[in-house]
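Peer 1: My questions will all concern the structure given below.
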Protein chains: 2
Amino acid sequence: MAFRKENHTKETCSASLNAVKDALYVLNGKWKLPLILTLQDGPKRFNEIQKSIGDITPKILSKELKDLELNEFVIRKVFSTTPVTVTYELTEYSGSLDRVIDELRNWGMQHRERLVMNRKTAPVLEEVLG
Amino acid sequence: MAFRKENHTKETCSASLNAVKDALYVLNGKWKLPLILTLQDGPKRFNEIQKSIGDITPKILSKELKDLELNEFVIRKVFSTTPVTVTYELTEYSGSLDRVIDELRNWGMQHRERLVMNRKTAPVLEEVLG
DNA sequence: CAGGATCCAGGAAGATACTG
DNA sequence: CAGTATCTTCCTGGATCCTG
């Protein structure tokens with residue numbers, strides 16, 4: 001129970017806030033999740049990834065993969081073929097996200113159902129899902 | 001265990017993805033979390049909120065509060081005093097976020113520790129936390 | 001093939017001023 | 001007090017072209 005009253009000093013509170021922001025930050029952006037998902041099929045090469053998630057430009061893909069590398073979710077392997085082959089694959093550590101993602105997914109599903117049941121339109125969600 | 005291999009069809013996968021995106025969306029942005037946190041102290045008025053989280057402009061605060069209302073995390077109450085008094089307070093439903101936030105917070109803390117231990121600088125996190 | 005370089009568009013957020 | 005209106009700025013991400 002994060003941030004509950006009994007433990008609600010400024011210090012613990014802002015520490016908690018920062019931790020949550022850390023977590024949100026590594027998952028945020030348009031491509032992080034799709035990238036992680038597609039790599040769960042196994043190692044893939046740059047162009048394979050690009051095809052599999054469609055419409056991502058090389059620049060963005062490159063940047064996103066570097067982010068994922070920095071956070072140790074993805075490992076980049078270079079093979080000295082000609083021309084060189086580069087593969088990206090998920091690390092074991094990336095599995096630590098499973099619990100978080102699972103929680104987000106469950107909450108997200110019930111939230112959408114709730115809004116629909118209440119016959120409220122939810123522009124914020126519609127925007128995201130098209 | 002989201003997105004695990006055995007259940008990895010395109011349909012279930014993209015449904016899961018969308019649910020996660022829904023959840024991320026409602027928590028995202030610069031002000032959603034700070035706002036929820038400050039309202040955990042109890043109902044507050046517009047200007048009180050503004051002072052308590054510092055540096056948010058009325059326009060942004062107004063918009064963020066409307067988002068939180070749409071998602072049913074916050075309820076707006078108008079009192080016919082002169083001048084009118086408006087309070088914002090958390091709904092019970094907002095408590096459903098506790099589990100999610102808790103999971104995010106725990107993961108965020110261990111992730112930061114991990115990166116520090118590995119002596120990797122983590123630009124992505126440093127940017128966020130200053 | 002695997003990316004980097006350059007330029008550009010759109011949305012989120014800030015500054016400032018104003019109103020019922 | 002509780003916002004709205006307008007203008008500007010910044011930042012993410014996209015388009016296009018280029019190279020070891």
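The values are calculated or read from the model by the stated rules, or taken from the named source; none is laboratory data. Since the structure is predicted, the reported quantities are computational estimates derived from the model, not experimental observations. Counting neighbours? That spans all protein chains shown, and the Cβs are built from the backbone with ideal geometry, glycine included. Only protein heavy atoms, including side chains, enter the accessible area calculation; ligands, DNA and RNA are left aside. Shrake-Rupley method; radii C 1.70, N 1.55, O 1.52, S 1.80 Å.
Peer 1: Does B:VAL74 qualify as being under 30 Å from A:GLY95 (Cβ atoms), at pLDDT 95 or above and within 14 Å of another protein chain (Cβ to nearest Cβ)? Spell out the reasoning first.
Peer 2: On the way: under 30 Å from A:GLY95 (Cβ atoms): no; at pLDDT 95 or above: yes; within 14 Å of another protein chain (Cβ to nearest Cβ): yes.
In short, no.
Peer 1: Of everything in the range A:8-33, what is crowded, with 17+ Cβ neighbours inside 10 Å and more than 18 Å from the chain's Cα centre (by Cα)? Give them in sequence order.
Peer 2: Answer for the range A:8-33, where residues must be crowded, with 17+ Cβ neighbours inside 10 Å and more than 18 Å from the chain's Cα centre (by Cα): A:CYS13, A:SER16, A:LEU17.
Peer 1: Name the residues in the range A:34-86 that are in contact (Cβ under 8 Å) with a residue 24 or more places away in the chain, open to solvent by less than 70 Å² (accessible area, probe 1.4 Å) and more than 10 Å from DNA strand C (Cβ to nearest atom), would you? Before you say what the answer is, go through the steps one by one.
Peer 2: The initial filter retains those residues of the range A:34-86 that are in contact (Cβ under 8 Å) with a residue 24 or more places away in the chain, namely A:35-36, A:39-40, A:42-46, A:49, A:56, A:60-61, A:64-65, A:67-68, A:71, A:73-74, A:77, A:85-86.
Subset that is open to solvent by less than 70 Å² (accessible area, probe 1.4 Å): A:35-36, A:39-40, A:42, A:44, A:46, A:49, A:56, A:60-61, A:64-65, A:67-68, A:71, A:73-74, A:85-86.
Within the range A:34-86, A:LEU35, A:ILE36, A:LEU39, A:GLN40, A:GLY42, A:ILE56, A:GLU64, A:ASP67, A:LEU68, A:ASN71, A:PHE73, A:VAL74 meet the criteria.
Peer 1: Looking at B:GLU113, B:GLU126, B:GLU92, which is the one that is modelled with pLDDT under 85, more than 13 Å from the chain's Cα centre (by Cα) and more than 7 Å from chain A (Cβ to nearest Cβ)?
Peer 2: Details: B:GLU113 fails: modelled with pLDDT under 85; B:GLU92 fails: modelled with pLDDT under 85.
The match here is B:GLU126.
Peer 1: Yes or no: the range A:39-50 includes at least one residue that is at positive phi and either at the interface with chain B (Cβ under 10 Å from one of its Cβ atoms) or not acidic (Asp, Glu) (or both). Break it down into steps so the answer makes sense when it comes.
Peer 2: Residues of the range A:39-50 at positive phi: A:42.
With either at the interface with chain B (Cβ under 10 Å from one of its Cβ atoms) or not acidic (Asp, Glu) (or both) added as a condition, the list becomes A:42.
Within the range A:39-50, one or more residues are at positive phi and either at the interface with chain B (Cβ under 10 Å from one of its Cβ atoms) or not acidic (Asp, Glu) (or both).
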